[in-house]
Structure formats: structure tokens, C-alpha cells
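Written below as C-alpha cells is the structure these notes are about.
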Amino acid sequence: MRNKTAKKPAPTQEANVIYQHNCTAEDCGPHSYIGMTRTTLSRRLTCHLQNGSIKEHYHEKHQTKLTRQQLEENATIIDRETDARRLMFLEDIYIESLKPAINQQTRDLQILPTRKLRA
Ligand SMILES: [Zn+2]
């Protein structure tokens, strides 16, 4: 066995990154979510497993339970920035320019908090 990959940490062990999650459900459009994390991506994914818009997306659109494997396999690191303020700024830029559908879904709920109660 060669040691080629040993130097590179697994993507989930990286911190201070912008990441993208792509929904891979067959009947789903190009639904993605962009977020940032200052802790390791692995810890951030644990949060996504517990609550939030990715979990809601799988539950509401696909009636399936989001698994850790799905989160890990479909997460891509799209940028890295160690400065906290710039990291937040970068996240905004990516969300504004790519308009990922799963992010938009949460923003709607934030604008109309009563929608949750009526649903
Ligand atoms: Zn989907």
C-alpha cells in the first residue's frame, strides 16, 4: 500500500471552509446548499444531521431521513479562508451568486415565520 494520500486530511477534517451539499435524490432538481464552518466540516455535518434546512429538504421533498453517509458523500469544499470575517463574507457571495435552492428555502421561512404555523 502506498502512502500517497496520507498527507492530505480528509475533507471532513478541514476547518474554515465554504462547503456545498448537493442533493442527489433522483427526482430532485439541482438542489444544493452552501454553508461555511469554522470548526471541522465533520462537526458541522453533525449539526446538519440534527436540524436545519438540509434535513428539512430531505424530509419534506423526499420523505427520507438524512443520513451521515449522504452528508459526507455529497459535501464538497468549494473554498477556504482562515479569516473569520472574510469567511462569512465569502459565504454571502457564494449564496448570492449561485442561489442554492436549499438556502433559498430557509430564507423564505425566515421572511414568513407564520408559514410554519399554518402548514
Ligand atoms: Zn432534493
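The values are calculated or read from the model by the stated rules, or taken from the named source; none is laboratory data. Source: prediction; values computed, not measured. Neighbour counts run over all protein chains shown; Cβ positions are idealised from the backbone, glycine included. Each accessible area value is taken on the protein alone, full model and side chains, heavy atoms only, with ligands, DNA and RNA left out. Shrake-Rupley method; radii C 1.70, N 1.55, O 1.52, S 1.80 Å.
Numbers at a glance
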{"item": "Segment residue 104-residue 39, extension gain: residue separation times 0.36 nm, minus the distance between their alpha carbons", "result": "21.0 nm"}
{"item": "Whole-number percent relative contact order across segment 12-118, with pairs defined as alpha carbons under 8 Å at least 6 apart", "result": "36 percent"}
{"item": "Sulfur and carbon atoms: percent of accessible area, segment 12-118 [1.4 Å]", "result": "50 percent"}
{"item": "Unit charges on C-beta of K, R, D, E only; dipole of segment 12-118, Debye", "result": "460 debye"}
{"item": "Distance (nanometres) between label positions extended 7 Å along Cα→Cβ at residue 86 and residue 51", "result": "3.3 nm"}
{"item": "Inter-label distance, nm, simple model (7 Å from Cα along the C-beta direction), residue 28/residue 74", "result": "0.2 nm"}
{"item": "Whole-number accessible area per residue in Å² for segment 12-118, which is evaluated in the context of all protein chains at 1.4 Å", "result": "64 Å²"}
{"item": "Net length gained if the chain between residue 14 and residue 63 were fully extended (0.36 nm per residue, minus Cα distance)", "result": "14.6 nm"}
{"item": "Charge dipole of segment 12-118 about the Cα centre (unit charges at C-beta), most positive-ward option of 46, 33, 21", "result": "46"}
